[in-house]
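Worksheet: one structure, shown below.
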Amino acid sequence: MTYLLALDQGTSSSRSIVFSETGQIVAMAQREFRQIYPQPGWVEHDPLEIWATQLATAREALAKAGLKAEQVRAIGITNQRETTVVWNRRTGQPIYNAIVWQDRRAEPLCAELRAAGHAPAVQQSTGLLIDAYFSGTKLRWILDKVEGARSSAERGELAFGTVDSWLLWQLTGGRVHATDVSNAARTMLFDIRRNAWDEQMLSLLNIPPSLMPAVHPSSHLFGETNADLLGAALPAGGMAGDQQSALFGQACFKAGLAKNTYGTGCFMLTHTGAQFQTSSNGLLTTSACQVAHQVPQFALEGSVFIGGAVVQWLRDGLKAIHSSADVQPLAESVPDAGGVMFVPAFTGLGAPYWDAEARGAIVGLTRGSTVAHIARAALESIAFQSAALLQAMSKDAVAAGGAPVSELRVDGGACVNNLLMQFQADLLGIPVQRPQVIETTALGAAYLAGLATGVWRNTEELSAQWKVERSFHPTMPRDRAAELMARWERAVRQAVGRG
């Protein structure tokens, strides 16, 4: 049996999963690490703690699987995207904490860039909107605010990377400073059509090119790990940002295939093939995973900021439930939400609305409303937000001469909630497909590593491994679904103050 080791470095924890060549999970290990909040709107991680927890889980997963490192064909890396690390090339020490993707400290710079009229050029090159979410303005902040950083960078002494680059550097003992196209595409510094760092963007943000990692396809032999870390030198054969990795793990290799990951937030991606397409409906264009010698591949992406996190709020904020598992039986204790709509805009609204000032709202309350109705409305809010994303994606697809999305593949923790998945299918009017393996982010990294090392010959072999655990088919009349979506949009208008 051939095995692959996926390193899945997330926002709140580091995980490692051993997969078999049939794509089944053999063993898994996970460790949480500290979230650092120096002031409101700032979020940081300790890069050395990220590395320590990731290495510990890799060792633990191999031990749980009863495997020696020599039995593993390759390592794949997938990671929280946009999170920014800068370190000294000679010592390997970070010069500042990692600035996390959620961090908003660079918003004043973004506002300046938007006011100066740079948004169209940024979107045409990088596929992105100007936002503090992306790495470029975080990197600029470090160069401007950390003492001695800019002069060190100009002398070529520093390296920048997203978390994948940081882990690869550590795994290879500082021999390899590289990233893949899917992570580079999230920096706001990368021309995704040319697959090259954009000299104009680097100049606009005053970033020395010497900081930047080499960029390779997502499936590529990046380098070998130091033998003393895991017990043998292993090839690092795959790297991808978590959402593109999930798209790959869901076997969405062709234009028109879409996946939605239900986590703390929700991230929906539709593969658009080799077609670079900017959205007219508030979505981002991003690089999809690329295998060696493949022309650039693209996807449209939409982000919901508060997905499963709304259940945490019911538990910790409202104290309506004791544990997250209680939400489904509470929601199922009523036949519907009783006219209640819950817009969980705790940190503003993401795609397709992009309103940073929006705040959470519960509307449609009557004397008959109970905590069960609010719980059901909270769960349904995840599906409403995702449906708005898919509608935007289908509009963009049709405008580009394609067909609307015909099925949605789902993964992430909240996809195990049958009530939510059925309601999602009802709103969308298309089948929702839940695969047998829902750890598709890590699976995508394993697939990329396996392709680079000959475990699989092509993506057709991977498509054959994708199996449905359950299909949810729409049962709601389309006019009822349209009426519910219209009520949702009305509730959103109230949340953004345009009632």
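The values are calculated or read from the model by the stated rules, or taken from the named source; none is laboratory data. Since the structure is predicted, the reported quantities are computational estimates derived from the model, not experimental observations. Glycine gets a Cβ as well: all are built from the backbone with ideal geometry, and neighbour counts include every protein chain shown. With ligands, DNA and RNA removed, areas are computed over all heavy atoms of the protein, side chains included. Shrake-Rupley method; radii C 1.70, N 1.55, O 1.52, S 1.80 Å.
The mean sequence separation of alpha-carbon pairs under 8 Å and at least six residues apart, normalised by the residue count of region 373-454, gives a relative contact order of 30 percent. A straight line joining the Cα centroids of region 82-103 and region 195-236 runs 14 Å. The accessible surface of region 169-217, taken with every protein chain in place and a 1.4 Å probe, is 50 percent carbon and sulfur. With coordinates expressed along the principal axes, the C-alpha atoms belonging to region 349-442 extend over 48, 33, 26 Å, beginning with the largest. Backbone geometry of region 24-30 corresponds, through the Karplus equation with coefficients 6.51, -1.76 and 1.60 at θ = phi - 60°, to 3J(HN,Hα) couplings of 8, 6, 9, 7, 8, 9, 8 Hz, x marking Gly and Pro. Over the chain, all Cα pairs binned in 10 Å intervals from 0 give whole-percent P(r) values of 4, 20, 30, 27, 15, 3, 0, listed from short to long. Computed with every protein chain present, the accessible area of Trp354 is close to 80 Å² [probe 1.4 Å]. Here Lys254 is the anchor, and the lysines within straight C-alpha reach of less than 23 Å, apart from those fewer than 8 places off in the same chain, are Lys395, Lys467.
For a test of the definition: using alpha carbon positions, the gyration tensor, and the 1.5 limit on a/c, classify region 353-394 as rounded, prolate or oblate. Cα axes put region 353-394 in the oblate bin.
Note on exposure: Asp46, Asp316 ranked by accessible area (1.4 Å probe, complete protein assembly) read Asp316, Asp46, with the most exposed listed first. Taking other residues whose beta carbon is less than 14 angstrom from the beta carbon of Gly282, and scoring Lys, Arg as +1 and Asp, Glu as -1, yields -4. Mean residue ellipticity, 222 nm, helices only, the chain: the sum of -39500 (n - 2.57) across DSSP H runs of n ≥ 4, divided by residue count and rounded to 500, is -10500 deg cm²/dmol. Remark: accessible surface ordering of Arg194, Arg493, Arg81, Arg89 (largest first) is Arg194, Arg493, Arg89, Arg81, probe radius 1.4 Å.
Put the Cα centre of region 424-476 next to the Cα centre of region 253-308 and the gap is 15 Å.
Taking Cβ atoms as reference points and 13 Å as the exclusive limit, the residues near Ala446 contribute a net charge of -1, counting Lys and Arg as +1 and Asp and Glu as -1. Annotation note: trypsin sites (Lys or Arg not before Pro) in region 406-479 located in DSSP loop regions with a Cβ neighbour count of at most 15 within 10 Å are Arg457, Lys467.
One chain, two ends: Val398 and Ser20. Fully extended at 0.36 nm per residue, the span grows by 132.2 nm beyond their Cα-Cα distance. Semi-axis lengths, largest first, of the ellipsoid equivalent to region 222-271 are 31, 13, 7 Å, with √(5λ) applied to each eigenvalue of the Cα gyration tensor.
Solvent-accessible surface of protein heavy atoms, probed at 1.4 angstrom with all chains present, puts Thr366, Thr440 in the order Thr366, Thr440, largest first. In the full protein context, region 295-444 carries 36 Å² of accessible surface per residue, based on a 1.4 Å probe and ignoring ligands, DNA and RNA. Summary value for region 269-417: 23 percent relative contact order, contacts being C-alpha pairs under 8 angstrom separated by 6+ residues. Using a cutoff of 8 angstrom between alpha carbon atoms and counting only pairs six or more residues apart, the relative contact order for the chain works out to 15 percent.
Stokes-Einstein diffusion of region 294-415 at 37 °C, 0.692 mPa s viscosity, Kirkwood radius from Cα pairs, rounded to a whole number: 206 µm²/s.
Taking 7 Å steps out from each Cα toward its Cβ at Ala52 and Ala214 produces label points 3.1 nm apart. Were the residues from Glu460 through Arg34 laid out at 0.36 nm apart, the gain over their Cα-Cα distance would be 149.3 nm. Under the simplified labelling scheme, the Asp144-Ala325 pair shows an inter-label distance of 4.8 nm, with each label point 7 Å from Cα along Cα→Cβ. Rounded to the nearest 0.05, what FRET efficiency do Leu221 and Trp313 give with R0 = 45 Å and r taken as the Cβ-Cβ distance? Could you check? Computed FRET efficiency for Leu221 and Trp313 comes out at 0.55.
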